[in-house]
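Here is the structure we will look at, set down as structure tokens.
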Number of protein chains: 2
Amino acid sequence: MDTPVSGKLPPAFIAAMRLRFRDRYSDSAAVRLQHGRDESAHAPQPPDAVLFAEDAEDVVAAARLCDEHGVPMIPFGAGTSLEGHVLAPQGGLSVDLSRANRILAIRPQDLDATVQPGVTRKQLNAALHDSGLFFPIDPGADATLGGMAATRASGTNAVRYGTMRDNVLGMEVVLADGRLVKTGSRARKSSAGYDLTRLFVGSEGTLGFITELTVRLHPLPEAVSAAVCSFAEIDAAVRTVIETIQMGVPVARIELLDALALTAINRYSKTQLAEAPTLFFEFHGSPRAVEEQAQTVQDLAAANGGGDFAWATRPEERSRLWQARHDAYFACLGLRPGSRALATDVCVPISRLAECIAATRADLAQSSLTAPLVGHVGDGNFHLVLLCDPDDDGETARIHAFCARLAERAIALDGTCTGEHGIGVGKSDYLESEHGAVAVAAMRAIKSALDPKGLMNPGKIFPAG
Amino acid sequence: MDTPVSGKLPPAFIAAMRLRFRDRYSDSAAVRLQHGRDESAHAPQPPDAVLFAEDAEDVVAAARLCDEHGVPMIPFGAGTSLEGHVLAPQGGLSVDLSRANRILAIRPQDLDATVQPGVTRKQLNAALHDSGLFFPIDPGADATLGGMAATRASGTNAVRYGTMRDNVLGMEVVLADGRLVKTGSRARKSSAGYDLTRLFVGSEGTLGFITELTVRLHPLPEAVSAAVCSFAEIDAAVRTVIETIQMGVPVARIELLDALALTAINRYSKTQLAEAPTLFFEFHGSPRAVEEQAQTVQDLAAANGGGDFAWATRPEERSRLWQARHDAYFACLGLRPGSRALATDVCVPISRLAECIAATRADLAQSSLTAPLVGHVGDGNFHLVLLCDPDDDGETARIHAFCARLAERAIALDGTCTGEHGIGVGKSDYLESEHGAVAVAAMRAIKSALDPKGLMNPGKIFPAG
């Protein structure tokens, strides 16, 4: 593993950081390496040093020093990003916010909570136990809320509850020069000025550090039930989803998995699910509403040739089912022991989904690649887990070429090169294809306006040059 | 009425505009005056000339000429804004987009539509007739969708369907120098780069002209029912709303009107509603879901001392009820014939709503002002229709002082100085109170980055100086 010796930081900066932060500042090789990689297949690029920040005051102090000495800054949460967001291609200081993990307020009457950025979604939901409320955004990993906001994360519940874009009411952000910005308020809606909250959500740490968030909470549904239903063909499953959405059935989750993903899950999770294209459903509401929703969807599935629904109504059955879904990534890895996985995602209008998936599967076959498909199909979003032998350069090259075609295919179908993983270092080549040169120029102008020295998470989002 | 003679525009600009646009370019006093005011009480400030643009190409050509000659540009839709957004304090060119009113695509499978900015919400809903879909955002006035996006409009349905922020998928925007930007895509969600769509939504024409929008559509509910319920005290009504939201009942509309507003409505709309604090409800869903929602809310209202529900289930009854609600503004004017009205809005966390309303009513009484209250109470948003004798300078001064206190009160309660009307020229004094100096500096930096010459709708949002 490549861990270049630190030594690029100005001695005056190092001295000031040590004086201010003592042993919360580290430049040990192990700590640096740990902060130089995420869950993606991108090659690690360690920072020159790491600060374990505990609050906004720490971040302000660090940002002022970085600004003064021209040191790049990389926000770090749980390290669960999937496009190399935490890598340090220009070195600099990784600011680990995982210790800034206090829940500052939970307000049941207003259905909101204010947290530090290092609070994870599971931690918040544990704290909400007995409140009758929950935080729905669920990207799979137990990511920090700061990281989830920074990457505009979503996940299985987004079809009903929205993404981080919809569930962050306001934030506190430290800019590159150490100035502290408050965005939004606790009002549910506002027409007061530019929507800085939405600008920082999804900015991937390139505009500032999120040091506090106020997020929306949702009432726990009175009843929940889950089911799986398999289909002979993916098209029929997608048609069922389109009709479900068009009828306004407020499903909480609709996930599509292809036959290969089911094979992987059965092996890994010891389930006996049909190894065919399958929809996973979850319904939330009153007992009557859940029953009614389920009946409507069952009728639609049957009309599209779907099999019987296999129900999981008890909490432990449901957990087992969704755990199997969430373990799909690891299950897929198990399909070819010793392989690594490259996870990629795109999102298209739902009317183009079947077409996009069909073309993509043909491309996979032609490229001799193995990649189970799992998708948040209610949003038109799907993921591929591309299995990769790290020692096979040919396969790696084929995967990269395939991913480029997939991104361009999604864009050509009026979609996006990433529905929820973000651009990071992995997808900056497609930014201009998707948005056009003027939009990218506008994004760069905003970046320069807020971070004129280019110190915030350099090398991310924007293509080099 | 003050209509300064035009003559501030450079002759070369006028000549080029006339050559390009012929009689679609006008500097007649009548046309200018018509474009120098909106539905607010702000004194008219006419532009020097008006262009009736029909498409993006027109706007690009006009923006290039304005950029070249340093002429301010003011986007104009239906003229229904409420904070002076279309006024021309520095003169310049008003670009009327009401003739750019083609519906470019309706895609039932994807639940979206692409329209030119001059399409009004009623026009879009008429075109959706028989599609089983509708566009829910309803600010009362038949505003253009471009104007609604520019002011981040919402209205009575927002509690269930969100605001323009949530319902615009993507846009085409012409920047001040004539460059054309595409934002977003038709994918339901994306993590690809900065959220320019949300930046332009609510930017009040200060960053560019919206020349095309793709908006979300929603399935028409199978069943709809509406009801009114009166309460002895506003607090009890607000408590009912809080409990409704907390239980997760997906009400489509919950509106609060105070006793004075009911008096006004009864007189104007010839209704016989109880002249007491009243909630207007609308429920959307399957027949069973609607019945169940309504029962839950009735139980909550009864427990809070509410009266019996008066139902309106047939479409014509419902239309009559909501027409009465929508006519509240004109009804309020009728309370004091000859008066003008100043409509203002604030939005607070719902837990602070009763407190905010109580303090506001006390303030009204102490200020000897008459102002019925109507509110989108599910969002914590309420409006006052302040009746004003234009010849009474003392009353006008008291109204302005009252509005300032109201805005600061909402901000102090973690809310916003405007939930849906926008800042315009009327509320720029509160921008910094609400967001802080650094956030306003960040907004200004973004404005300068995208409109370095400051030609787009100058004098709006930002306080002078």
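The values are calculated or read from the model by the stated rules, or taken from the named source; none is laboratory data. As the structure is a computational prediction, the values presented were derived from the model and not from experiment. Cβ sites come from the backbone with ideal geometry, for glycine too, and all protein chains shown count toward neighbours. Ligands, DNA and RNA are excluded from the accessible area calculation, which covers all protein heavy atoms including side chains. Shrake-Rupley method; radii C 1.70, N 1.55, O 1.52, S 1.80 Å.
In nm to one decimal, list the spacings between the A:D363 label point and its equivalents in the other copies, with label points set 7 Å along Cα to Cβ, shortest first.
Reported distances to equivalent positions: 5.7 nm.
Write down the accessible area per residue of chain B in Å², having rolled a 1.4 Å probe over the full set of protein chains. Don't skip to the answer; put the middle values down first.
Numbers: 16210 Å² over 465 residues.
Ligands and nucleic acids excluded, the figure is 35 Å² per residue.
So which residues in the stretch A:155-193 end up with at least 40 square angstrom less accessible surface once the other protein chains are there, compared with the chain by itself, probe 1.4 angstrom?
A:R165, A:R179, A:R186, A:A187, A:R188, A:K189, A:S190, A:S191, A:A192, A:G193
List the extent of the Cα atoms of the stretch B:333-390 along each of their three principal axes, largest first, rounded to whole Å.
Largest first, the stretch B:333-390 extends 37, 22, 14 Å along its Cα principal axes.
Based on the mean of other Cβ atoms within 10 Å per residue, sort peptides B:167-179, A:359-371, B:55-67 so the most packed one is first. Provide the component values of the computation, followed by the final result.
Details: B:167-179: 23.0, A:359-371: 15.5, B:55-67: 20.4.
So the order, starting with the most tightly packed, is B:167-179, B:55-67, A:359-371.
Could you give, in nm with one decimal, how far A:P287 is from each other copy of that position, shortest first, with labels 7 Å out from Cα toward Cβ?
2.3
What's the center-to-center distance, using Cα atoms, between the stretch A:103-119 and the stretch B:161-213 in Å?
30
Taking the square root of 5 times each eigenvalue of the Cα gyration tensor, what semi-axes in Å does the equivalent ellipsoid of the stretch B:313-465 have, largest first? Provide the component values of the computation, followed by the final result.
Values: eigenvalues 173, 77, 62 Å².
Values for the stretch B:313-465, descending: 29, 20, 18 Å.
If the label point is 7 Å along Cα→Cβ of A:Q272, which residues in the stretch A:324-341 have backbone nitrogen under 12 Å from it?
none
With all pairs of different alpha carbon atoms counted, what Kirkwood hydrodynamic radius in Å does the stretch A:234-323 show?
On the way: mean 1/r = 0.0731 Å⁻¹.
That comes to 13.7 Å for the stretch A:234-323.
Of the accessible area of the protein assembly as shown, with the probe set at 1.4 angstrom, what percent is carbon plus sulfur? Present the calculation step by step, with values, prior to reporting the outcome.
Numbers: 16540 of 32390 Å².
Carbon and sulfur atoms account for 51 percent of the accessible area of the protein assembly as shown.
Run the helix sum for the protein assembly as shown: -39,500 (n - 2.57) per DSSP H stretch of 4+ residues, divided by residue count, reported at 222 nm to the nearest 500 deg cm²/dmol. Present the calculation step by step, with values, prior to reporting the outcome.
Details: 34 runs with 338 residues, N = 930.
Computed ellipticity for the protein assembly as shown at 222 nm equals -10500 deg cm²/dmol.
To the nearest 0.05, what FRET efficiency results for A:A358 and B:M247 with a Förster distance of 51 Å applied to their C-beta separation? Can you show the working numbers first?
Numbers: r = 43 Å, r/R0 = 0.85.
After rounding to 0.05, the efficiency reads 0.75.
Accessible area lost on pairing A with B, both sides, 1.4 Å probe, Å² to nearest 100? Walk me through the intermediate numbers first.
On the way: alone 19440 and 19480 Å², together 32390 Å².
Using a 1.4 Å probe on protein heavy atoms, the buried area is about 6500 Å².
Taking the stretch B:362-415, how much of its Cα-Cα pair set, in percent, is spaced more than 16 angstrom apart? Provide the component values of the computation, followed by the final result.
Values: 657 of 1431 pairs.
Counting pairs separated by more than 16 Å, the tail of P(r) holds 46 percent.
For the stretch B:81-122, which residues drop by 30 square angstrom or more in accessible area between the chain on its own and all protein chains together (1.4 Å probe)?
Residues losing area: B:Q109, B:D110, B:L111.
Would you please give the FRET efficiency between A:S368 and A:S28, computed as 1/(1 + (r/R0)^6) with r the Cβ-Cβ distance and R0 = 45 Å, to the nearest 0.05?
Details: r = 42 Å, r/R0 = 0.94.
That gives a FRET efficiency of 0.60.
Just round it to a whole percent: the fraction of Cα-Cα distances in the stretch A:227-378 exceeding 18 Å. The partial results should precede the final answer.
Numbers: 6545 of 11476 pairs.
Roughly 57 percent, once rounded to a whole number.
Inverting the mean 1/r over all pairs of different Cα atoms, compute the Kirkwood radius of the protein assembly as shown and quote it in Å. It would help to have the intermediate numbers written out before the result.
Working: mean 1/r = 0.0348 Å⁻¹.
Value: 28.7 Å, from the Cα pair sum.
For A:K453 and A:E291, what does the FRET efficiency come to when R0 = 51 Å and r is the distance between their Cβ atoms, rounded to the nearest 0.05?
Working: r = 59 Å, r/R0 = 1.15.
Computed FRET efficiency for A:K453 and A:E291 comes out at 0.30.
Hey, got the Cα dimensions of the stretch B:384-465 along the principal axes, in Å, largest first?
That works out to 43, 30, 22 Å along the principal axes.
Could you work out the Rg to Rh ratio of chain B, with Rh taken as the Kirkwood radius (inverse of the mean 1/r over all Cα pairs)? Don't skip to the answer; put the middle values down first.
Numbers: Rg = 22.3 Å, Rh = 23.0 Å.
Rounded to two decimals, Rg/Rh equals 0.97.
From Cα coordinates alone, what are the radius of gyration and Dmax values for the stretch A:202-272 in angstrom?
Taking only Cα atoms of the stretch A:202-272, I get Rg and Dmax of 18.3, 48 Å.
Considering only DSSP beta bridges where both residues belong to chain B, give the percentage that are antiparallel (nearest 5).
Percent antiparallel among DSSP bridges in chain B is about 85.
For the stretch B:239-283, state the semi-axes of the equivalent ellipsoid (square roots of 5 times the eigenvalues of the alpha-carbon gyration tensor), sorted largest first and rounded to whole angstrom. Could you put the intermediate results ahead of the total?
Numbers: eigenvalues 122, 23, 7 Å².
Whole-Å semi-axes of the equivalent ellipsoid: 25, 11, 6.
On alpha-carbon atoms, Rg over Rh for the stretch A:109-242 using Kirkwood Rh? Write out the running numbers ahead of the final one.
Values: Rg = 16.9 Å, Rh = 16.2 Å.
Radius of gyration relative to Kirkwood radius: 1.04.
Within the protein assembly as shown, what percent of beta bridges assigned by DSSP are antiparallel, to the nearest 5? Mind showing how you got there, number by number?
Numbers: 110 of 128 bridges.
The antiparallel fraction comes to roughly 85 percent.
B:R340 versus B:D392, label points 7 Å from Cα toward the beta carbon: distance in nm?
Modelled inter-label distance: 1.5 nm.
Find every distance from the label point of B:D393 to the corresponding label point in the other copies (7 Å from Cα along Cα→Cβ) and write them in nm, one decimal, shortest first.
When each copy's label point is compared with this one, the spacings are 8.6 nm.
What is the extension gain from B:A302 to B:A223, computed as 0.36 nm multiplied by their sequence separation minus the C-alpha to C-alpha distance, in nm to one decimal?
Gain on stretching B:A302 to B:A223: 26.1 nm.
What do you get for trypsin sites (Lys or Arg not before Pro) in the stretch B:371-464 restricted to DSSP loop and a cutoff of at most 15 other Cβ within 10 Å of the site's Cβ? Don't skip to the end; give the middle numbers.
On the way: sites: B:R398, B:R405, B:R409, B:K427, B:R444, B:K447, B:K453, B:K460; in loops: B:K427, B:K453, B:K460.
Hits after loop and neighbour filter: B:K453.
What base-10 log of the normalised intensity I(q)/I(0) is obtained for the stretch B:23-115 from the Debye formula, alpha carbons as equal point scatterers, at q = 0.12, 0.13, 0.16 Å⁻¹?
Each listed q maps to, in turn, -0.42, -0.48, -0.67.
Over 22 Å between C-alpha atoms is what I'm after, so list which of A:K453/B:K182; A:K182/B:K189; A:K182/B:K427 land there.
Details: A:K453/B:K182 27 Å; A:K182/B:K189 25 Å; A:K182/B:K427 19 Å.
Among A:K453/B:K182; A:K182/B:K189; A:K182/B:K427, the Cα-Cα distance tops 22 Å for A:K453/B:K182; A:K182/B:K189.
Taking the alpha-carbon centroid of each part, what is the distance from the stretch B:314-361 to the stretch A:396-422 in angstrom?
Here the two parts' Cα centres lie 49 Å apart.
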